[in-house]
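One structure is given here, and the rest of the page talks about it.
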């Protein structure tokens, strides 16, 4: 009959529960599936956020350690330069004292 398919779609769209206001079993199960899917999606998103946060923290920790190491290396180079300057100053001072003593010896030798 020509009106039969339309009638079937209207009947199929009606809730199966005869009491008005009470949702049918199919609607309840569909809502439960939607809620479960939302929970799983939220949980998956939270896990991804935690992994990303852990990666960022790990990267920041590595960058911090590398920066500290670089600072220590720079300080070590400054200490080496300072030590070399002190040693060269001591050597020059010893040489000047020795030269002064040599001049004194030469002066005494000429005076004698």
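The values are calculated or read from the model by the stated rules, or taken from the named source; none is laboratory data. Note that the structure is predicted; figures quoted are calculated from it, not measured. Don't worry about glycine lacking a Cβ; one is built from the backbone with ideal geometry, like all the others, and counts go over all protein chains shown.
List of remarks:
- Unique match (being part of a helix (DSSP H, G or I), within 43 Å of the chain's Cα centre (by Cα) and at pLDDT below 95) among 61, 92, 39: 61
- Per the listing 51, 34, 45, the residue uniquely free of Cβ contacts under 8 Å to residues at least 24 places away in the same chain, surrounded by 10 or more Cβ atoms within 10 Å (Cβ to Cβ) and under 13 Å from the mean Cα position of the chain (by Cα) is 51.
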